[in-house]
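Chemist: Got a structure for you, questions after.
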Amino acid sequence: MKKFLLLFIVLIFNNIQAQEVKTLTYFQNDTLKLDLDLYLPKKKAGEKIPLIMFAFGGGFSGGERTSEKDFGKFMSQNGYAVASISYSLYMKGKDFGCKGTLTEKIKAIQIGVSDMWQATAFLVENADKYNLDTSKIFISGISAGAEIGFHASFWDYKLMNLYKSNLPENFKYKGFIGGSGAIQDINLITKEKAIPMLLAHGNNDDTVPYAAGSHRSCPTNASGWLILFGSYAVYNQMNDLHKDIELITFCGGGHEFSGYLFHQGQQYVLDFVNDVLNGKKFQSHVIVPSKNGKSSGKYSFCE
C-alpha cells in the first residue's frame with residue numbers, strides 16, 4: 001500500500017511539473033494591460049523548448065486566453081511550450097459583420113496582429129529565462145485568432161506593426177496552425193515567405209470563407225464587405241509553390257469546426273510540429289465526410 005501511495009505521489013508530481021503555467025504581462029501602459037499564459041514542459045538540462053503562440057477566437061469582440069487550457073497542457077506534456085495570449089478586442093461593442101465598417105474590421109485585425117508580434121517579441125527577449133528556442137516558434141489560432149496568425153506570418157512587419165519594432169530582423173515563424181482562418185491577400189504567401197501549415201476548415205463555412213469569398217457571406221453592397229482567402233485557397237497556393245501544407249476539410253461542415261485542431265485534433269498538431277522540426281516534407285488533404293446530411297457544396301472531393 002505504501003509503495004502504491006508513493007508511486008501515485010510521484011506520478012502526480014511529474015504531471016504537475018509537466019504542466020507548469022506562468023501568467024506573464026507582455027505589454028502594459030496607462031490604459032492597457034495584456035497578459036499571456038505560458039505552459040511549460042518539464043525542463044531537460046541543456047535542451048531549449050520549441051514554442052507555440054496561440055490566439056483565441058471570438059470575432060475580435062470576445063473570447064479569452066484561458067479557453068484552451070487543455071491544448072496548452074497537452075502540448076506541454078509532449079515537450080512543447082504554449083503561449084496563449086490576450087489581445088485587444090477592438091470590435092467589442094461594434095459590428096464585425098456586414099453592417100460594420102470595412103476600415104474598422106481591418107484595424108481590428110491589425111491591432112490583434114500587432115499584439116501577437118508584441119507577445120512574440122516579449123518571449124524572444126525572455127527566452128533564456130524560460131528556456132525557449134527562438135528558432136522554433138510556431139503560431140496558431142482559432143477563427144479570428146487564425147486570422148491573426150495568418151497576417152502575423154505574412155504581413156510586412158515594419159509596415160503593419162502599430163508598436164515599436166522589437167522582433168529580430170528577418171524573424172520568421174517556424175509554422176502556422178489555423179482553425180477556420182483566412183488571409184486578406186493570397187499573394188502575400190510567396191515562395192520566399194511560405195512556412196509549413198496545418199489548416200482545418202468546414203467547406204460550408206458561411207462565417208469565414210473556406211476558399212475565396214466574403215467574410216460573414218456579406219453582399220458586395222454591404223458596408224462591411226471584406227474579401228478573404230480561406231484555408232482551401234491557401235492550400236492551393238501552397239501546392240502551386242510546392243510548399244509544406246496539410247489541410248483537413250470537413251465536408252458539409254460550417255464554422256463549428258474552427259476549434260477542431262485544438263480540441264479533438266490535438267494529435268494532428270503534435271504530429272505536425274514534430275514533422276516540421278524533423279524536416280519532413282508533406283502536401284496532404286484529409287477529407288472528412290459529412291455526418292450531418294448537409295450539402296457538401298461545389299467541391300467534387302466531397303461528393
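Chemist: Please specify each residue of the stretch 244-303 satisfying the condition of being of a type in the set (Asp, Glu) and open to solvent by 30 Å² or more (accessible area, probe 1.4 Å).
Modeler: Glu246, Glu256, Asp271, Asp275, Glu303
Chemist: Something else about it: Would you point out which residue out of Gly58, Gly79 is more than 18 Å from the chain's Cα centre (by Cα), on the phi > 0 side of the Ramachandran plot and surrounded by 16 or more Cβ atoms within 10 Å (Cβ to Cβ)? Talk me through it step by step, then tell me what you get.
Modeler: On the way: Gly58 fails: more than 18 Å from the chain's Cα centre (by Cα).
Testing whether each residue is more than 18 Å from the chain's Cα centre (by Cα), on the phi > 0 side of the Ramachandran plot and surrounded by 16 or more Cβ atoms within 10 Å (Cβ to Cβ) leaves just Gly79.
Chemist: Can I ask one more? For the stretch 125-140, check the following and say yes or no: at least one residue is surrounded by 23 or more Cβ atoms within 10 Å (Cβ to Cβ), at negative phi and among the small types (Gly, Ala, Ser).
Modeler: yes
Chemist: In the stretch 166-271, which strands (runs of 3 or more DSSP E) lie fully inside it and hold 1 or more residues that are aromatic (Phe, Trp, Tyr) and within 26 Å of Asp115 (Cβ to Cβ)? Spell out the reasoning first.
Modeler: Values: elements: 176-179, 197-202, 212-214, 227-230, 245-250.
It comes to 176-179, 227-230.
Residues are listed down the side, and each one gets a yes or a no for (1) surrounded by fewer than 20 Cβ atoms within 10 Å (Cβ to Cβ); (2) not hydrophobic (A, V, I, L, M, F, W, C):
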| site | (1), (2) |
| --- | --- |
| Met197 | no, no |
| Asn203 | no, yes |
| Val208 | no, no |
| Ala212 | yes, no |
| Phe229 | no, no |
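Chemist: Exactly one condition in (1) surrounded by 13 or more Cβ atoms within 10 Å (Cβ to Cβ); (2) more than 26 Å from Thr103 (Cα to Cα) is false for Val234; which is it?
Modeler: Of the numbered conditions (1) surrounded by 13 or more Cβ atoms within 10 Å (Cβ to Cβ); (2) more than 26 Å from Thr103 (Cα to Cα), the odd one out for Val234 is (2).
Chemist: Looking at (1) over 21 Å from the mean Cα position of the chain (by Cα); (2) open to solvent by 40 Å² or more (accessible area, probe 1.4 Å), which is the one condition that is false for Leu241?
Modeler: Going through (1) over 21 Å from the mean Cα position of the chain (by Cα); (2) open to solvent by 40 Å² or more (accessible area, probe 1.4 Å) one by one, Leu241 breaks only (2).
Chemist: Go through (1) open to solvent by 20 Å² or more (accessible area, probe 1.4 Å); (2) over 19 Å from Glu246 (Cα atoms) and name the single condition Thr120 misses.
Modeler: (1)
Chemist: Any idea which residue in the stretch 153-162 is nearest to the chain's Cα centre (by Cα), counting only those that are free of Cβ contacts under 8 Å to residues at least 40 places away in the same chain and open to solvent by 10 Å² or more (accessible area, probe 1.4 Å)?
Modeler: Filtering first and then ranking leaves Asp156.
The values are calculated or read from the model by the stated rules, or taken from the named source; none is laboratory data. Model, not experiment: these values are computed from the prediction. Ideal geometry is used to build each Cβ from the backbone, glycine not excepted, and the neighbour counts take in all protein chains shown. Note: accessible area is taken over every heavy atom of the protein model, side chains too, but ligands, DNA and RNA are not part of it. Shrake-Rupley method; radii C 1.70, N 1.55, O 1.52, S 1.80 Å.
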